[in-house]
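Worksheet: one structure, shown below.
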Amino acid sequence: KGSEVCGFFGMSPDEAKENFADLLSPRETNVEFDNRYFTIMTTPIYDKSGNRIGFVMEWVEKTAEVQAMREAEERKQHEQKIESQVADVIQAAAAGNFKERLNIQDDRQSIVKSSNGINQICETVDEFFQDLNSTVEAFAQGDLTRSLDGVYMGQFEEVKDSLNSSFA
């Protein structure tokens, strides 16, 4: 029923004839209908004399492929957002700003653990420098009784011990 197919495309049979009048070789069209995606291959049909006598339409559903492409694009955008956030926090830390934090929502545990680890590094360094800065400011104002009081590990603890013992 050609008129029903034409109606599906929003055209009358006369409009369809006009639309396909110049169809000399196969034409591929992508359509969306009711949240489903199709590729329609319209191919002219010729008689033995080479006269075009009509056309045939092959419908191939592409919903799964379209959805997969959209999901892949969403994943790509999500990855770019993560990369951008990480780059921003690293750039801030390299410039001496340890107050920036990552806020990454992700289903992958490894990404979440890495994000939390970077945040923990920034927090530890920020806390140490805040404590160090307030102690040095007190020293600069003549208060030599001030000491670093935070609980630190590794080199932070070594710096704390060295600074505290130098004014004890």
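What the table shows:
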| item | result |
| --- | --- |
| Nonlocal amide H pairs with K62, under 5 Å, H built at 1.01 Å | Y37, F38, T39 |
| Carbon/sulfur fraction of accessible area - the chain, other protein chains in place, 1.4 Å, % | 52 |
| Segment 34-162, accessible area per residue, ligands and nucleic acids excluded (1.4 Å, Å²) | 71 |
| Charged-residue dipole, Cβ positions (Lys, Arg, Asp, Glu), the chain about Cα centre, Debye nearest 20 | 600 |
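The values are calculated or read from the model by the stated rules, or taken from the named source; none is laboratory data. This structure is a prediction, so every number in the text was calculated from the model and none was measured. Quick reminder, even Gly has a Cβ in these numbers, built from the backbone with ideal geometry, and neighbours come from all protein chains shown. Please note that ligands, DNA and RNA were not included when accessible areas were found on the heavy atoms of the full protein model with its side chains. Shrake-Rupley method; radii C 1.70, N 1.55, O 1.52, S 1.80 Å.
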